[in-house]
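Here's the structure, in structure tokens; my notes come after.
The values are calculated or read from the model by the stated rules, or taken from the named source; none is laboratory data. All values derive from a computational prediction rather than experimental measurement. Reconstructed Cβ throughout: ideal geometry from the backbone, glycine too, with neighbour counts over all protein chains shown.
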Amino acid sequence: MFDTLSDRLTSALQTLSRKGRLSDADIDATAREIRIALLEADVALSVVKDFIARIKERAKGAEVHGALNPAQQVIKIVNEELVTILGGETRRLTFAKNPPTVIMLAGLQGAGKTTLAGKLALWLKKQGHAPLLVACDLQRPNAVTQLQVVGERAGVMTFAPEPGNGVGDPVDVARRAIDEAKRAQHDIVLVDTAGRLGVDEELMKQAADIRDAVSPDETLFVVDAMIGQDAVTTAEAFRDGVGFTGVVLTKLDGDARGGAALSVRQVTGQPILFASNGEKLEDFDLFHPDRMASRILGMGDVLSLIEQAEQHFDQEKAEQTAAKLGSGQLTLEDFLEQMLAVRKMGPIGNLLGMLPGAGQMKDQLAQVDDKQLDKLQAIIRGMTPAERDDPKMINASRRLRIAKGSGVAVRDVNELVNRFFEARKMMAQMAGRFGF
Ligand code: GDP
């Protein structure tokens, strides 16, 4: 996601960093490039205009002219403004004082609501909640079964109308579900509603009726980030027709342009709470505007990476790894451990995409597959502990021995060692520059 945008922004800003002092004309030229990059990424025009105006104003102000390194100041400003349009602070779910907390999902058909219901249920369950899924999409054939399937996969209960009861009344189902949640002590009720292929009045009315019946604590508008500009118009229609308290962006894994993510907050005034980036139940997380911004600017998303690692490592280990990343002391042993944990975490491309500089390495990333990882693992395993700790000691004869021992060519060992040094250096530099 955001690949093209990220490439364009990075190159616009790189041109600046070659200059010592910045004139207003330099800033105008950069602003123009950023503007084109955003428009090409399908960001809404009104959002682009505001964004560019703020960048220009701040960049031409004292902030930059007095600075030692004006280019870095501009990057900082662009980063801060990106964070702002993405929503500023991370917004978390609001829970009801008196459970159950009711969360209603609304959006077009195919937006990913049902999948999201499963993802959110699993996510909440992992945090110690006991969610109840409620099937109020009684329109689409199989929607109820689909919800039951994701519910089973997430290991949570699903409340659905009895089969054979005709089409059923979603408002009635929603009401009964709340009673059931109270009875069975579910602290969260997740209501999946029906979608249509396009916005229509009946759809809005049904969603509004369900809303009135269950008074949700959160109404989440679920939107497919791949629909580009349409995401904004659909969001406006739902805001006016049903109202919502937060947005969930889905299919960010497939979205190369990312304009929806950058527009929807500003246009609707409601924050993005979650981002969904794959078909598996685990491909889902809180939306962090700051992390997303640094990802867009090619600064990587080391925080998310470390957080994901934390779920698989113990806390102490993760902190050590983070510190080592920053100080350039990462060893191949750390790397191997990370790799083993990472492989448990899911699609490798997603994870590598969070690393600084990943945007520029995307062609290589696309080639990373499990077979290659097996090879890397074999090479590192062929090293002695001392070599893993201090890869600098791996000289030519050691490389030969390692290659033989792990059944690969010396060239493969060379490549791994060289890449490791490059990555370590790059991460230490990024850490120094951006202070993580
Ligand atoms: P609903 O009609 O809104 O309930 O949408 P569904 O949950 O049925 O999702 C529609 C399709 O999108 C399904 O094939 C899902 O597997 C797929 N989908 C949902 N979320 C994501 C996502 O984040 N990434 C990808 N690639 N596919 C997704």
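Residues of region 1-24 being part of a helix (DSSP H, G or I) and charged (D, E, K, R), which ones?
So in region 1-24, the residues part of a helix (DSSP H, G or I) come out as 3-17, 24.
Matches in region 1-24: Asp3, Asp7, Arg8, Asp24.
For region 203-226, enumerate the residues that are away from the ligand (no atom under 16 Å from the Cβ) and over 25 Å from Glu279 (Cβ atoms). Give the derivation first.
Of the residues in region 203-226, the ones away from the ligand (no atom under 16 Å from the Cβ) are 205, 208-209, 211-218.
Scanning region 203-226 gives Lys205, Ala208, Asp209, Arg211, Asp212, Ala213, Val214, Ser215, Pro216, Asp217.
Yes or no: Asp240 in the same structural domain as Gly112 (by TED's automatic domain parsing) and under 27 Å from Ala260 (Cβ atoms)? It would help to see each step written out before you state the result.
Working: in the same structural domain as Gly112 (by TED's automatic domain parsing): yes; under 27 Å from Ala260 (Cβ atoms): yes.
It is true that Asp240 is in the same structural domain as Gly112 (by TED's automatic domain parsing) and under 27 Å from Ala260 (Cβ atoms).
Can you tell me which residues in region 219-243 are among the acidic types (Asp, Glu) and buried (at least 19 other Cβ atoms within 10 Å of the Cβ)? Walk me through it before giving the result.
To start, the set of residues in region 219-243 that are among the acidic types (Asp, Glu) comprises 224, 230, 236, 240.
Hit for region 219-243 is Asp224, nothing else.
Looking only at residues that are closer than 14 Å to Leu336 by Cα and outside any helix (DSSP H, G or I) in region 383-413, which one is farthest from the chain's Cα centre (by Cα)?
Thr384
Restricting to helices (runs of 4 or more DSSP H) lying wholly in region 25-138: which have 1 or more residues that are within 16 Å of the ligand (Cβ to nearest atom) and surrounded by fewer than 21 Cβ atoms within 10 Å (Cβ to Cβ)? Can you show your working first?
Values: elements: 45-60, 62-65, 70-86, 113-126.
Here the list reads 113-126.
Out of the residues in region 285-296 that are of a type in the set (A, V, I, L, M, F, W, C) and crowded, with 21+ Cβ neighbours inside 10 Å, state the one that is farthest from the ligand (Cβ to nearest atom).
Ala293
Filter region 244-267 down to residues that are under 20 Å from Val47 (Cα atoms), crowded, with 21+ Cβ neighbours inside 10 Å and β-branched (Val, Ile, Thr) and give me whichever is nearest to the ligand (Cβ to nearest atom).
Val248
What pairs come out if I take residues in region 131-153 that are in contact (Cβ under 8 Å) with a residue 24 or more places away in the chain and of a type in the set (Gly, Ala, Ser) and pair them with residues that are in a helix (DSSP H, G or I) and surrounded by fewer than 21 Cβ atoms within 10 Å (Cβ to Cβ) whose C-beta lies under 8 Å away, six or more apart or interchain?
Ala135/Gln148
What number of residues within region 149-163 are part of a helix (DSSP H, G or I), away from the ligand (no atom under 11 Å from the Cβ) and surrounded by fewer than 18 Cβ atoms within 10 Å (Cβ to Cβ)?
Narrowing region 149-163 to residues part of a helix (DSSP H, G or I): 149-154.
If we keep only those that are away from the ligand (no atom under 11 Å from the Cβ) as well, we get 151-154.
Imposing the further condition that a residue be surrounded by fewer than 18 Cβ atoms within 10 Å (Cβ to Cβ) reduces the set to 152-153.
Going through region 149-163 one residue at a time, the tally reaches 2.
Residue check: is Asp192 of a type in the set (Asp, Glu), within 16 Å of the ligand (Cβ to nearest atom) and surrounded by fewer than 16 Cβ atoms within 10 Å (Cβ to Cβ)? Step through it out loud before you land on a result.
Details: of a type in the set (Asp, Glu): yes; within 16 Å of the ligand (Cβ to nearest atom): yes; surrounded by fewer than 16 Cβ atoms within 10 Å (Cβ to Cβ): no.
No.
Of the residues in region 225-261, how many are outside any helix (DSSP H, G or I), more than 17 Å from Met292 (Cβ to Cβ) and in contact with a strand residue (DSSP E or B) (Cβ under 8 Å, 6 or more places away or on another chain)? It would help to see each step written out before you state the result.
Taking region 225-261 first, the residues outside any helix (DSSP H, G or I) are 228, 242-258.
This time we only want the ones that are more than 17 Å from Met292 (Cβ to Cβ), so: 228, 242-245.
Then keep just the ones that are in contact with a strand residue (DSSP E or B) (Cβ under 8 Å, 6 or more places away or on another chain); that gives 242-245.
Matching residues across region 225-261 total 4.
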